[in-house]
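Beneath this line is the structure, given in structure tokens, with notes to follow.
The values are calculated or read from the model by the stated rules, or taken from the named source; none is laboratory data. Everything numeric here is computed off the predicted structure, so don't read it as measured data. Methodologically, a virtual Cβ is constructed for each residue, glycine included, from the backbone with ideal geometry; neighbour enumeration extends over all protein chains shown.
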């Protein structure tokens with residue numbers, strides 16, 4: 001039963017991944033005028049005609065649509081996604097590199113946000129209606145309503161006052177001294193046993209990660225507060241209390257457990273919003289993640305890179321959601337497709 | 001129907017502090033938008049045109065808020081010497097139009113496809129669930145970047161990108177509700193008595209889904225404000241075509257490169273973004289607490 005569910009879920013994910021590849025190709029196809037013209041960055045000058053010819057061959061625009069679709073899928077799985085016009089490097093390299101930088105922040109942000117959010121939410125639910133709850137509610141509402149890139153700009157101003165430099169992903173002096181394995185400087189510096197570089201990379205990652213964690217923190221707090229205070233009114237909770245079991249033990253052992261499925265359900269959407277936050281925060285802090293790469297690609301009309309990023313980030317999401325669903329299923333046997 | 005809505009509104013305003021606060025803030029923003037449309041202090045500068053006044057100031061650093069030569073620049077001027085307050089005021093109605101158009105379009109598409117998926121044959125149901133899953137995954141800001149390259153920059157491009165990635169949430173909610181409803185007795189009886197599908201959809205399914213989804217939508221609109229501003233901040237300000245649009249996110253995006261010296265260009269539009277989003281979120285919270293009796297219960301039985 002469990003195996004059947006996992007297989008079914010993975011099958012659906014593969015279908016979605018194929019759909020994303022098809023969608024990204026359709027996005028090339030619907031370009032008004034000649035798609036090849038935009039694919040090579042709207043060229044002008046004597047070599048323009050030649051560049052367009054190359055693009056037509058690259059995209060296979062002279063062949064029927066379904067053959068093109070098949071080709072593009074095959075090309076995708078061979079990591080042959082074209083050459084970036086802005087960086088003059090293969091798109092796959094740049095896209096994966098920037099995704100790793102973004103994931104670095106995402107992981108740190110969620111490591112911070114999940115426990116803190118659960119704690120604050122539990123506190124607010126237990127003392128619902130008291131001053132502490134009102135403070136938690138107000139703070140989380142303001143955090144959800146405030147544009148995170150604006151908070152990042154404030155943080156940059158603050159750090160400027162204290163003369164702290166946390167721009168970029170790692171100091172220039174360390175950049176060449178560690179060998180790149182995963183693309184994440186935090187992990188790479190640990191692998192090459194350079195703890196000074198590790199500390200530098202971590203201190204540069206922390207301020208943006210804290211800013212990125214504000215939104216998931218606020219959302220998790222609100223969700224835990226709402227669903228836990230609902231659970232506290234259910235019969236089993238009163239029953240357990242009347243048996244003389246300690247209140248906090250019941251909360252930890254039973255009530256909080258029943259909140260986990262609710263949290264797991266909204267986590268997908270939360271991560272999707274967080275990604276935009278992280279993209280803008282990266283832009284403020286000058287870290288070369290997805291956001292900065294996109295911002296650099298747009299003035300050059302770097303269409304291959306944008307489509308490559310679109311596909312890669314979506315597929316990373318699909319994989320993350322699938323894993324989350326399967327874990328969710330392992331925890332909670334009631335969930336079915 | 002109309003009287004019902006007004007009576008509910010007055011009840012909400014009387015009972016819920018959150019809703020009252022949110023409603024007041026949102027109303028103030030709407031007023032700001034109207035002022036920005038009718039009489040901003042410097043209309044041309046607000047819309048981003050270069051006037052003789054700004055031309056004379058070109059090359060000079062922008063003036064600090066509250067220490068400008070004229071008292072009419074309370075927020076200072078931006079990097080091109082344009083009055084920041086006028087730009088923010090003109091931007092208010094743009095933000096409101098963006099939010100409401102994204103919300104209405106995605107609600108329309110989402111409810112339509114959700115009901116279609118929940119109340120038609122199995123093939124369409126599977127296909128639409130698949131499409132919902134697909135568009136839920138696609139990150140909106142990268143779609144926006146692609147659309148900017150395809151169609152050029154503009155408000156419509158970002159609205160399109162956001163609608164494309166926002167409707168699945170409403171479609172999913174509508175689908176879940178309709179799937180629960182279609183097994184219920186009154187729908188089955190209606191079918192047996194020969195009610196047509198269109199009749200059942202418009203008479204029974206739509207009103208039953210609408211209230212839940214509308215409450216969800218008002219709560220979401222705060223996130224739409226932020227997401228829209230984020231996309232404009234990142235994507236809109238990246239393309240170097242023109243810089244006249246007084247959209248809040250875009251003003252901040254261009255101001256970011258001057259953050260170390262001219263901080264007010266980024267800070268002031270952000271305060272208004274925060275206020276608008278906060279108003280919408282508080283309104284959504286008050287509304288959902290009013291609609292759901294579980295949340296309205298008196299608390300504090302424990303401790």
Yes or no: residue A:2 surrounded by fewer than 19 Cβ atoms within 10 Å (Cβ to Cβ) and modelled with pLDDT of 80 or more?
no
Requiring at least 2 residues that are more than 10 Å from chain B (Cβ to nearest Cβ), the helices (runs of 4 or more DSSP H) wholly within segment A:224-337 are A:235-242, A:247-250, A:256-285, A:303-331
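Per-residue answers, yes or no, for (1) within 22 Å of the chain's Cα centre (by Cα); (2) within 14 Å of chain A (Cβ to nearest Cβ):
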position: B:162; (1), (2): yes, yes
position: B:171; (1), (2): yes, yes
position: B:174; (1), (2): yes, no
position: B:193; (1), (2): no, no
The condition of being in a helix (DSSP H, G or I) and either crowded, with 24+ Cβ neighbours inside 10 Å or under 18 Å from the mean Cα position of the chain (by Cα) (or both) holds, among B:210, B:287, B:206, only for B:287
Sole miss for residue B:207 among (1) without any contact (Cβ under 8 Å) to a residue 24 or more places away in the chain; (2) within 13 Å of chain A (Cβ to nearest Cβ) is condition (2)
Filtering segment A:87-115 for residues that are touching a strand residue (DSSP E or B) at 6+ places or on another chain (Cβ under 9 Å) and not in a helix (DSSP H, G or I) leaves a count of 2
Of the listed residues (B:12, B:27, B:17), the one being more than 23 Å from residue B:250 (Cβ to Cβ) and crowded, with 17+ Cβ neighbours inside 10 Å is B:12
Residue A:21 meets each of (1) modelled with pLDDT of 85 or more; (2) buried (at least 18 other Cβ atoms within 10 Å of the Cβ); (3) farther than 30 Å from residue A:324 by Cβ with one exception, condition (3)
### Message
On the basis of being surrounded by fewer than 17 Cβ atoms within 10 Å (Cβ to Cβ) and either modelled with pLDDT under 80 or away from chain B (no Cβ under 14 Å) (or both), does residue A:68 make the cut?
### Response
no
By residue number, the members of segment B:250-268 that are under 23 Å from the mean Cα position of the chain (by Cα) and more than 8 Å from chain A (Cβ to nearest Cβ) are B:250, B:251, B:253, B:254, B:255, B:265, B:268
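So that you can scan it fast, the table gives a plain yes or no per residue for (1) at the interface with chain B (Cβ under 10 Å from one of its Cβ atoms); (2) over 20 Å from residue A:307 (Cβ atoms); (3) in contact (Cβ under 8 Å) with a residue 60 or more places away in the chain:
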residue: A:6; (1), (2), (3): no, yes, yes
residue: A:23; (1), (2), (3): yes, no, no
residue: A:45; (1), (2), (3): no, yes, no
residue: A:57; (1), (2), (3): no, no, no
residue: A:61; (1), (2), (3): no, no, no
Within segment A:58-86, residues being more than 25 Å from residue A:17 (Cα to Cα) and in a helix (DSSP H, G or I) number 0
Residues of segment A:148-179 being without any contact (Cβ under 8 Å) to a residue 40 or more places away in the chain and within 30 Å of residue B:21 (Cα to Cα), in sequence order, are A:150, A:154
Inset, instruction - Please work out if residue B:124 is within 14 Å of another protein chain (Cβ to nearest Cβ) and free of Cβ contacts under 8 Å to residues at least 40 places away in the same chain. - result: no
Within segment B:30-49, residues being farther than 20 Å from residue B:98 by Cβ, exposed (fewer than 15 other Cβ atoms within 10 Å of the Cβ) and at pLDDT 80 or above number 1
Take residue B:183 and decide whether it is without any contact (Cβ under 8 Å) to a residue 24 or more places away in the chain, part of a helix (DSSP H, G or I) and either surrounded by fewer than 17 Cβ atoms within 10 Å (Cβ to Cβ) or more than 14 Å from chain A (Cβ to nearest Cβ) (or both). no
Checked segment A:152-177 for anything surrounded by 16 or more Cβ atoms within 10 Å (Cβ to Cβ), more than 8 Å from every other protein chain (Cβ to nearest Cβ) and assigned to a helix (DSSP H, G or I); matches are A:152, A:155, A:174
Consider residue A:220 carefully, then state whether it is surrounded by 18 or more Cβ atoms within 10 Å (Cβ to Cβ) and within 25 Å of residue A:98 (Cβ to Cβ). no
Considering segment B:133-160, residues that are facing chain A (nearest Cβ under 7 Å) and farther than 15 Å from residue A:306 by Cα, and then whichever is nearest to the chain's Cα centre (by Cα), we arrive at B:137
Within segment A:25-38, of all residues that are more than 10 Å from every other protein chain (Cβ to nearest Cβ) and in a helix (DSSP H, G or I), the one farthest from residue A:319 (Cα to Cα) is A:37
For segment B:213-249 the number of residues that are in a loop (DSSP other than H, G, I, E, B) and more than 10 Å from chain A (Cβ to nearest Cβ) is 6
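Quickly run through segment A:128-151 and pick out the residues that are facing chain B (nearest Cβ under 7 Å) and either at pLDDT 90 or above or surrounded by fewer than 21 Cβ atoms within 10 Å (Cβ to Cβ) (or both).
A:129, A:141, A:142, A:144, A:145, A:146, A:147, A:149, A:150
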Determine if segment B:128-136 includes at least one residue that is closer than 23 Å to residue B:200 by Cα, in contact (Cβ under 8 Å) with a residue 40 or more places away in the chain and part of a loop (DSSP other than H, G, I, E, B). no
